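Take a look at the structure below.
What follows draws every value from the coordinates through simple rules; no lab data is involved. Computed from a predicted model, the values in this text were never measured in an experiment. Don't worry about glycine lacking a Cβ; one is built from the backbone with ideal geometry, like all the others, and counts go over all protein chains shown.
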Amino acid sequence: MSDPSSILVIRYSAMGDVVLATSLLEPLRARFPGARIEWVTDALYAPLLEGLPELAAVHRLAREGPNAALPLAARLRGRFDVVIDLQNKVRSAVVARAAAPLRTAFKRRTALRALLSVFGSDPPLVRAHQTQLYGEAVASLGVSGPGPLKIALSPQARALAADALQGVEAPAVALAPGARWATKRWPAERFAAVADALHAEGVRIVLCGGPGDRDAFAAFRAATRAKVAADLSFLPLDALAAAIARVQLLIACDSGPVHLATAVGTPVLALFGPTSVARWGPPAPGRALSLGLSCSPCSNHGGDYCPEGHHRCLADLAPQAVLASAREMLRR
């Protein structure tokens with residue numbers, strides 16, 4: 001088979017997974033220097049991709065309307081030589097089957113495991129980092145990887161970030177106490193204890209997250225004595241990434257901001273409980289902090305409750321341990 005002249009990548013959720021999937025862009029471009037590469041993603045994450053030099057176009061996928069799977073598939077029908085489906089769900093398959101005759105997909109589970117997951121059996125995948133798993137999906141194309149994570153920071157995003165952090169002097173540490181799943185959240189009062197200690201040492205405290213993290217932000221504010229120098233929750237996603245690029249350290253639960261920080265080169269201290277450090281942990285200069293309990297990891301993505309009923313994987317993680325790592329990382 002001759003080298004493809006047009007390639008479509010599909011990954012539309014969640015935010016961290018989309019950012020991690022950008023690790024394929026440099027290897028794809030190196031393997032197919034003349035190919036036109038396009039991407040399908042959720043509208044919320046499109047600004048993170050639009051403007052990347054490897055991508056000729058970004059298509060926004062919605063659940064309904066003109067950008068839903070069927071209308072988008074109709075517009076993209078037959079336009080590509082190869083589709084790389086990193087989502088591997090029903091909507092992505094609809095688009096992929098229409099877009100190209102040759103398709104390769106990210107397969108997290110075997111067919112048997114997929115069937116067992118319907119009945120609640122879904123053991124954590126721990127054999128490799130997510131970027132390496134994405135790399136396996138394109139190995140048949142002769143692509144070696146993974147490469148670095150990449151996101152686009154437009155001039156507008158950078159300007160919004162600068163405005164949000166106006167007057168915030170270094171050193172500044174961003175704290176991201178939120179996470180989609182309850183079991184991945186370190187208690188807000190622990191984040192507050194870390195903030196109090198760092199603030200007493202002259203560090204500026206910045207709150208990092210989105211609108212869905214407002215409850216976590218409120219709990220943090222109720223518990224902390226530290227002055228919050230900036231709240232980034234009102235920023236659009238690309239501006240949030242640009243703001244993370246301006247701080248000296250991010251401390252976060254296992255959540256999307258961890259991967260944004262990696263992509264923009266900001267050191268991140270990621271706090272892990274129920275999920276796999278091996279699969280989701282940040283590369284250097286980032287660091288993952290985990291107690292490494294025998295019952296952890298217990299989940300691929302976290303959940304609403306601890307299956308053991310104690311949540312010790314994060315409940316027993318002391319602020320002193322987080323502070324020690326944060327201080328060491330700030331000294332570098």
> For the range 1-116, what is the per residue volume of the convex hull drawn over the alpha-carbon atoms, in cubic angstrom?
Replying inline: 113 Å³
> What angle do you read, to the nearest 10 degrees and between 0 and 90, between the alpha-carbon axis of helix 90-99 and the longest principal axis of the chain?
Replying inline: 40 degrees
> So which lysines can LYS107 reach, going by Cα to Cα under 27 Å and dropping same-chain residues fewer than 8 places off?
Replying inline: LYS89, LYS150, LYS184
> Say each of LEU70 and LEU293 gets a label point 7 Å from the Cα, pointing the same way as Cα to Cβ; how far apart are those two points in nm?
Replying inline: 4.7 nm
> Using a simple spin-label model with points 7 Å from Cα along the Cα→Cβ vector, what separation in nm is obtained for ASP196 and ALA43?
Replying inline: 4.4 nm
> Which order results if PHE32, PHE220 are arranged by neighbouring Cβ count within 10 Å, fewest first?
Replying inline: PHE32, PHE220
>> Between SER154 and ALA105, what is 0.36 nm times their sequence separation minus the Cα-Cα distance? Round to one decimal in nm.
In response: 14.6 nm
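Using Cα pairs closer than 8 Å and at least 6 residues apart in sequence, work out the relative contact order for the chain, in percent.
With pairs under 8 Å counted, the relative contact order is 17 percent.
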> Between ALA14, PRO4, VAL90, whose Cα lies farthest towards the positive end of the dipole of the range 1-149 when Lys and Arg beta carbons carry +1 and Asp and Glu beta carbons carry -1, centred on the Cα centre?
Replying inline: VAL90
> Residue separation times 0.36 nm, minus the C-alpha to C-alpha distance between ARG225 and ALA324: what's the value?
Replying inline: 33.7 nm
>> On C-alpha positions alone, give me the angle between the axis of helix 214-223 and the longest principal axis of the chain, in degrees, nearest 10.
In response: 20 degrees
> How would you rank TRP181, TRP186, going from fewest to most other Cβ atoms within 10 Å of each one's own Cβ?
Replying inline: TRP181, TRP186
> Just the Cα atoms of the range 185-227: what Rg and Dmax do they give in Å?
Replying inline: 10.0, 30
> By how many nm would the segment from ALA218 to ARG331 grow when fully extended, if each residue of separation counts as 0.36 nm and the alpha-carbon distance is taken off?
Replying inline: 37.7 nm
>> Charges at C-beta only: +1 for Lys and Arg, -1 for Asp and Glu. How large is the resulting dipole of the range 155-331 about its Cα centre, in Debye rounded to 20?
In response: 160 debye
>> Only four residue types carry charge here, +1 at the Cβ of Lys and Arg and -1 at the Cβ of Asp and Glu. Report the dipole size of the range 153-199 about the Cα centre in Debye, rounded to the nearest 20.
In response: 340 debye
>> Quick one: the Cα spread of the range 113-232 along its three principal axes, in angstroms, biggest first?
In response: 51, 39, 25
> Using Cα pairs under 8 angstrom and six or more residues apart, how large is the relative contact order of the range 215-332, in percent?
Replying inline: 19 percent
> For the range 6-141, with only Lys/Arg (+1) and Asp/Glu (-1) charged at the beta-carbon, what is the dipole magnitude about the Cα centre, in debye rounded to 20?
Replying inline: 400 debye
> Can you give the Rg and Dmax of the range 155-331 based on its C-alpha atoms, in angstrom?
Replying inline: 15.1, 47
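Assuming R0 = 22 Å, can you tell me the calculated FRET efficiency for the pair TYR305 and ARG127, based on Cβ-Cβ distance, to the nearest 0.05?
Taking R0 as 22 Å, the efficiency between TYR305 and ARG127 is 0.25.
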